Amino acid sequence: MNRLRWAFADGATLTRRDLDHWARQPAQVVIGLLFPVMIVLMFGYLLGGGMTVPGGSGAAGYREFLIPGTLALTMVFGLEGTFQAIKTDVSRGVTDRFRSMPMASSAVVVGRSVADLLNAVVSLSVLALSGLAIGWRWHSGLAAALAAFGLLLLLRFAMLWIGIYLGLVVRGEGALVAVQILVWPLGFLSNTFAAPSTMPGWLGTIAEWNPLSSTVGAARELFGNPGWGGDSWVAQHAILMAVVWPVLLIAVFFPLSVARYRNLDR
Amino acid sequence: MEAVTAHALRRRFGSVEALAGVDLAIPAGSVHGLLGPNGAGKTTLVRILTTLLRATDGTATVAGFDVRREPDRVRAHIGLVGQHAAVDEILSGRQNLEMFGRLYHLGRVAARARADALLAEFGLADTGTRAVSTYSGGMRRRLDLAASLITAPPVLFLDEPTTGLDPRSRGEVWDAVRALVAGGTTVLLTTQYLEEVDRLADQVTVIDHGRVIATGTPSALKGQLGGDRIDVVVADLVDLPATAALLARITGDTPDTDEDHRRVGVAVTDRMAALTATVRALADSGIAVDDVTLRRPTLDEVFLHLTATDSNSDAEKVTA
Ligand SMILES: Nc1ncnc2c1ncn2[C@@H]1O[C@H](COP(=O)(O)OP(=O)(O)O)[C@@H](O)[C@H]1O
Ligand SMILES: [Mg+2]
């Protein structure tokens, strides 16, 4: 019981640490929040004019279609932030200090999770408000909309564990660039901006099976926004897969991360 | 009572044997210097003793607790200053100390009070609210040291605490360590600098290639080169071999010659007799000398001597 209480207290202390980071670097936080908004404006107004989406009409239809994808993409890109935070602590020796202290060993990941999920909630809110401002709406009721936000956060939670694992494992200076190079194709090889059916055969299949595509598809369905549809089994079961994929990823990367944290070799 | 013990400690990384059976016994309240060149295994030993890394074989205790079986209790009794200043760069010095204080389970008020006291003690009171990223190397090190002293742990590990510091910051760290020891803390200090153990340590263990090659007090280690040394500097380089032969005859030992400085040196046992014999023999032979000195060897010489013998014969182990 006492142990559990300290685990909460230590997790809270490390969450607080991240909030202190935000307070000390407000400009970075704002830039981080505005980046997805910029993507929406860029695709919505610069590129969106020439796009047509089934079930949507013209540029306004494309923007309706764009928001769920960008929301999910933002969750995936959150992986970079998690990775960077964990890796910085490891390379500076801060993680070693934590590990040599009599604190709860769960605190590092609890603090990271809470702080990153808070950041994700703020991020989703800013982007959703921007979406509302340019004409995006949800059409299937508040409960369905909240379920969509829940699935988006679930995806972020899965990315969090991948980020923690990579942050503990990957060494060297160019690591962030390497992770970015990995994350971008994961983000774009999906149904976020284009229909997988228009991609060359095997690429289209990968895009359909991309976990991001499932969350995007599920969010479009729950918000009642236009989407690509698709005849494949994954496309037909987007909501189910938007739960299964993150849970699977967590089931893999959570134990890997815990084992790695316990046996961290410099 | 022993604050730190290690028995036949081994650690392998793939094919590298970072520790090849290390024994250690550090009495409570003393400063123990762990001296060795880069890659000797110092950090590996510290990481095992601070529960960060598991030994492949062997046992170790810290503050009476087994590092493997009771890591939580070990952690409650140690402070660690690693090779890099392990502090949060974005936060201020005070925020760092408060955060670590909270993680040591001090209350909010107590953590703040402790942070303020430590900032003052380590000369950081004025800069306590600035981001650590603006600190100098010496300031970071002091903050790092302060962070590991929040609960005044009985055993403190310092892994190369002054590497990369300018002489002034180095002196500040030394002063801080001395103050701690006066308060009864046991310190294990690793270093590549002989001067550092000479100034701070009660006992020294020299390691190289994961093995203990010597252990003793700094002055006993100096005594290992055969006690005192006689150095003769000749006026003319051509006299160097003759002088070396002469010293060899008197001491029965092979002298080291240094052509750049026109110097011959050798270890002596009976210092005054050897000095008298040398001066007389030099006068008889008519060799012109610039200087004859009788002196204690430096730790650098001991160290070079020990590590050289170590690479010649791995099995050799000297104990003073
Ligand atoms: N995590 C590791 N993986 C592989 N080799 C390692 C690792 N840590 C240390 N070593 C090797 O073990 C030896 C001792 O290293 P270390 O303890 O860091 O020495 P020191 O601190 O005395 O410089 C070196 O040869 C080093 O390369
Ligand atoms: Mg080292």
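Please specify each residue of the range B:69-79 satisfying the condition of being within 13 Å of another protein chain (Cβ to nearest Cβ) and open to solvent by 20 Å² or more (accessible area, probe 1.4 Å).
Hits for the range B:69-79 are B:GLU70, B:PRO71, B:ASP72, B:ARG73, B:ARG75, B:ALA76, B:HIS77.
Taking the criterion of being more than 14 Å from chain B (Cβ to nearest Cβ) and under 14 Å from A:LEU79 (Cβ atoms), would at least one residue in the range A:196-209 satisfy it?
Looking for residues that are more than 14 Å from chain B (Cβ to nearest Cβ) and under 14 Å from A:LEU79 (Cβ atoms), one finds none in the range A:196-209, hence no.
Which of the residues belonging to the range B:7-36 are near ligand 1 (Cβ under 7 Å from one of its atoms), open to solvent by 20 Å² or more (accessible area, probe 1.4 Å) and assigned to a strand (DSSP E or B)?
B:PHE13, B:VAL16, listed by residue number.
Among the residues that make up the range A:17-37, is at least one of them in contact (Cβ under 8 Å) with a residue 24 or more places away in the chain, more than 21 Å from the chain's Cα centre (by Cα) and either farther than 27 Å from A:ALA133 by Cα or assigned to a helix (DSSP H, G or I) (or both)?
Yes: one or more hits.
Could you check how many residues of the range B:4-47 are more than 13 Å from ligand 2 (Cβ to nearest atom), of a type in the set (A, V, I, L, M) and under 26 Å from B:THR185 (Cα atoms)?
Number satisfying all stated conditions: 10.
Just checking, which of B:VAL204, B:VAL233 is away from chain A (no Cβ under 14 Å) and within 16 Å of ligand 1 (Cβ to nearest atom)?
Of the residues listed, the single one that is away from chain A (no Cβ under 14 Å) and within 16 Å of ligand 1 (Cβ to nearest atom) is B:VAL204.
Of the conditions (1) surrounded by fewer than 22 Cβ atoms within 10 Å (Cβ to Cβ); (2) out of contact with any Lys or Arg (no Cβ under 8 Å at 6 or more places or on another chain), A:LEU212 satisfies every one except a single condition; which number is it?
(1)
Given (1) within 11 Å of chain A (Cβ to nearest Cβ); (2) surrounded by fewer than 17 Cβ atoms within 10 Å (Cβ to Cβ), where does B:THR44 come up short, assuming only one miss?
(2)
Go through (1) within 12 Å of another protein chain (Cβ to nearest Cβ); (2) farther than 14 Å from A:VAL114 by Cβ for A:ASP20 and report which single condition fails.
Result: A:ASP20 fails condition (2) only.
So, in the range B:121-174, of the ones that are more than 14 Å from chain A (Cβ to nearest Cβ) and basic (Lys, Arg), which residue ends up farthest from ligand 1 (Cβ to nearest atom)?
Here the residue is B:ARG168.
Right, B:ARG94: modelled with pLDDT of 95 or more and either farther than 16 Å from A:MET101 by Cα or not assigned by TED's automatic domain parsing to the domain that holds B:ALA214 (or both) or not?
Criteria met by B:ARG94.
Scan the range B:88-116 and report the pairs whose first residue is more than 25 Å from A:PRO26 (Cβ to Cβ) and facing chain A (nearest Cβ under 7 Å) and whose second residue is aromatic (Phe, Trp, Tyr) and assigned to a helix (DSSP H, G or I), with Cβ atoms within less than 9 Å and a gap of 6+ or a chain change.
So the pair list comes out as B:LEU103/A:PHE98; B:HIS105/A:TRP6.
For the range B:147-178, which residues satisfy the criterion of being closer than 17 Å to B:GLY29 by Cα and open to solvent by 70 Å² or more (accessible area, probe 1.4 Å)?
Scanning the range B:147-178 gives B:ALA152, B:ASP175, B:ARG178.
Taking B:THR56, is it in contact with a strand residue (DSSP E or B) (Cβ under 9 Å, 6 or more places away or on another chain), among the hydroxyl-bearing types (Ser, Thr, Tyr) and either within 11 Å of chain A (Cβ to nearest Cβ) or open to solvent by 60 Å² or more (accessible area, probe 1.4 Å) (or both)?
yes
Please enumerate the residues belonging to the range A:228-258 that are closer than 17 Å to A:ARG112 by Cα and either hydrophobic (A, V, I, L, M, F, W, C) or open to solvent by less than 60 Å² (accessible area, probe 1.4 Å) (or both).
Answer for the range A:228-258, where residues must be closer than 17 Å to A:ARG112 by Cα and either hydrophobic (A, V, I, L, M, F, W, C) or open to solvent by less than 60 Å² (accessible area, probe 1.4 Å) (or both): A:ILE250, A:PHE253, A:PHE254, A:LEU256, A:SER257, A:VAL258.
Sort out which residues of the range A:92-122 are touching a residue at least 24 places away in the same chain (Cβ under 8 Å), more than 20 Å from the chain's Cα centre (by Cα) and within 12 Å of chain B (Cβ to nearest Cβ), and write them in order of number.
Those that are touching a residue at least 24 places away in the same chain (Cβ under 8 Å), more than 20 Å from the chain's Cα centre (by Cα) and within 12 Å of chain B (Cβ to nearest Cβ): A:THR95, A:ASP96, A:ARG99, A:MET103, A:ALA104, A:SER105, A:ALA107.
Can you pull out every residue in the range B:65-86 that is under 17 Å from B:VAL187 (Cβ atoms) and within 16 Å of ligand 2 (Cβ to nearest atom)?
B:LEU80, B:VAL81, B:GLY82, B:GLN83
Could you tell me whether B:VAL206 is modelled with pLDDT under 90, of a type in the set (Val, Ile, Thr) and either part of a loop (DSSP other than H, G, I, E, B) or within 16 Å of ligand 2 (Cβ to nearest atom) (or both)?
It is false that B:VAL206 is modelled with pLDDT under 90, of a type in the set (Val, Ile, Thr) and either part of a loop (DSSP other than H, G, I, E, B) or within 16 Å of ligand 2 (Cβ to nearest atom) (or both).
The values are calculated or read from the model by the stated rules, or taken from the named source; none is laboratory data. As the structure is a prediction and not an experimental result, all values here were calculated from the model. When we count neighbours, we look across all protein chains shown, and the Cβ atoms used for this are built from the backbone with ideal geometry, even at glycine. Each accessible area value is taken on the protein alone, full model and side chains, heavy atoms only, with ligands, DNA and RNA left out. Shrake-Rupley method; radii C 1.70, N 1.55, O 1.52, S 1.80 Å.
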